[in-house]
Each structure stands twice: as structure tokens, then as C-alpha cells.
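*Asks:* First the structure, which I've put down as C-alpha cells, then a few questions once you've had a look.
The values are calculated or read from the model by the stated rules, or taken from the named source; none is laboratory data. Being a predicted model, the structure only gives us computed values, none of them experimental. Don't worry about glycine lacking a Cβ; one is built from the backbone with ideal geometry, like all the others, and counts go over all protein chains shown.
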Amino acid sequence: MTQIGLQIAGIASLMGDPSRAKMLSTLLDGRALTALELSLAASVTPQTASSHLAKLQRANLLTLERRGRRRYYRLASVQVARTLESVMSLTASAPPYLQPTPGLDQQMKAVRLCYDHLAGELGVAITESLVANGHILFEDEVGEVTEGGQQFFTELGLNLTPPAKSRRALCRPCLDWSERRLHVAGYLGAQIAQLCFERQWLARSRGLRSLKITASGYRLLPRSFGIEPLRTQLID
């Protein structure tokens, strides 16, 4: 086996373990969690979780943050999150026994975080509206904010100037694993999600990747992004 083949096999083996896969997917919303929280998410003992986390950290899939006496783990990079989402997108064409259970966690399919940008039905709806109105353009793996988009996002209250040292793309498409359509990622995607939290249109669900749509979000998200009215059963 070639060196590249060995590296692929090594990463696949790390991600393929069910307990480690649960931990990684739990961190896909960009949070940093303790080993105890991740052990509960994976339904393993804290000792077993620590062993798994050490392996993931050595492989640069996770990074460790120390806050006082506590230690928190998060995904090491946007690239790790993209890889996990890409693997999840393959489940749509996988054999039945590998596909998600039908009807499982409808809230997560409706709206969730994909690392730090919006995904699910809401993320796709916002993105398709932005494309239809000419605010952003997608071509293959590249995204672009148009001149009209710059004005739209500025009026919405977004700052589209990335930090000076940031190498992150301003706008790029990301394949949504549950919708099988694109949602907007990159710095723009993160800014849209942050705006929704700051204006309290969306709220985090404790211990879950799924998000809750607030009453004000139900009223103002469609008006702000030009999307269809949201289904009432998705409201917190």
C-alpha cells in the first residue's frame, strides 16, 4: 500500500470507530466540549472517551483548549468539519443498512450548524434565495459575492471583511448532507449564522446540533432573506 493509501486508511480507521464518530459528529456545530460531555454523547465511560480523544488529538482531528482547570475539545479545523460533512453526504446513496433512520431527528434536518454556518432546510432555503436574487454566485467549489450582494449584506448588518490573517474563503458552496443541495459556507456563512444568534432569531439546543427558531426568527428570517414562511412546527 502506498504512503497516501496508508494515511487514508489511518484517518478512515479513526473516524470509522462508532464511538469516535459520535464524538466527532457532536462537535460538528463548532462547540468545544469536555471529555465528560463527549463520553455521554458517545455512551462510553470517561476513561474510554479519554483514550479515543487522545487518538483523535494526535491525528490533528481535534484540538485541546484549557480554560482554568477544565479541558475542552473541538474540531481542529474547518477542513475536518468539511470532511465529516462530505462523509455524511454519502449516506444518501449508501446501502439501506447504512442510511439514517427515516424520520430521525427532524429538527436537526430542519436547521442545524455545519461547524459555524447554517445547514439543513433553513440553510439551504437562505442560500437558494441569495443565489436567486443574484447576491452570491456558485461555480463548482467556488463562491462569489456580487456587487449587489455586497450592498444587501451591508444593509443587513454584516461585515464581510475577514480578519487580516484569515485564509478562509469569503463565500463557498457546501453540500448539505440531509438536503443534498448546497448551503453557503466560508466567512459569509459564518457571519450569517452569527447574525441570526445575535438577533435571537435562532437559539442553540442544549446538547444537540439542532437549532431552535424563535418567535422573532419565525417573523423576521423570511422577511430578511426573502424565503418562504417557516413551518410553525419548527418554532421554539
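*Asks:* Are any of the residues in segment 156-173 under 14 Å from the mean Cα position of the chain (by Cα) and not hydroxyl-bearing (Ser, Thr, Tyr)?
*Replies:* Yes, segment 156-173 contains a residue that is under 14 Å from the mean Cα position of the chain (by Cα) and not hydroxyl-bearing (Ser, Thr, Tyr).
*Asks:* Evaluate segment 90-105: report whether one residue or more is hydrophobic (A, V, I, L, M, F, W, C), modelled with pLDDT under 90 and touching an Asp or Glu at 6+ places or on another chain (Cβ under 9 Å).
*Replies:* no
*Asks:* Please go through segment 43-71 and pick out each residue that is of a type in the set (A, V, I, L, M, F, W, C) and touching a residue at least 24 places away in the same chain (Cβ under 8 Å).
*Replies:* If the condition is that a residue be of a type in the set (A, V, I, L, M, F, W, C) and touching a residue at least 24 places away in the same chain (Cβ under 8 Å), then 44, 49, 53, 56, 59, 61, 62 are the ones that fit.
*Asks:* Kindly indicate which of 182, 170, 195, 160 is modelled with pLDDT of 95 or more, in contact with a Phe, Trp or Tyr (Cβ under 9 Å, 6 or more places away or on another chain) and aliphatic (A, V, I, L, M).
*Replies:* Testing whether each residue is modelled with pLDDT of 95 or more, in contact with a Phe, Trp or Tyr (Cβ under 9 Å, 6 or more places away or on another chain) and aliphatic (A, V, I, L, M) leaves just 195.
*Asks:* Residues in segment 189-222 that are in contact (Cβ under 8 Å) with a residue 60 or more places away in the chain, in a helix (DSSP H, G or I), over 13 Å from the mean Cα position of the chain (by Cα) and closer than 29 Å to residue 167 by Cα: how many?
*Replies:* Total satisfying the criteria: 1.
*Asks:* Turning to a different aspect of this structure: Can you say whether residue 128 is in a helix (DSSP H, G or I), of a type in the set (Asp, Glu), outside the structural domain of residue 30 (by TED's automatic domain parsing) and in contact with a strand residue (DSSP E or B) (Cβ under 9 Å, 6 or more places away or on another chain), as far as the supplied structure shows? Step through it out loud before you land on a result.
*Replies:* Values: in a helix (DSSP H, G or I): yes; of a type in the set (Asp, Glu): yes; outside the structural domain of residue 30 (by TED's automatic domain parsing): yes; in contact with a strand residue (DSSP E or B) (Cβ under 9 Å, 6 or more places away or on another chain): yes.
Yes: the conditions hold for residue 128.
*Asks:* Which of the residues spanning segment 119-142 are without any contact (Cβ under 8 Å) to a residue 40 or more places away in the chain and within 15 Å of residue 189 (Cβ to Cβ)?
*Replies:* Result: 131, 135, 137, 141, 142.
*Asks:* So, one more: Could you please give the count of residues in segment 29-40 that are modelled with pLDDT of 85 or more and within 20 Å of the chain's Cα centre (by Cα)?
*Replies:* Selection size over segment 29-40: 5.
*Asks:* Checking residue 5 against (1) within 27 Å of residue 211 (Cα to Cα); (2) at pLDDT below 85; (3) of a type in the set (Gly, Ala, Ser): exactly one of these is not met. Which one?
*Replies:* (1)
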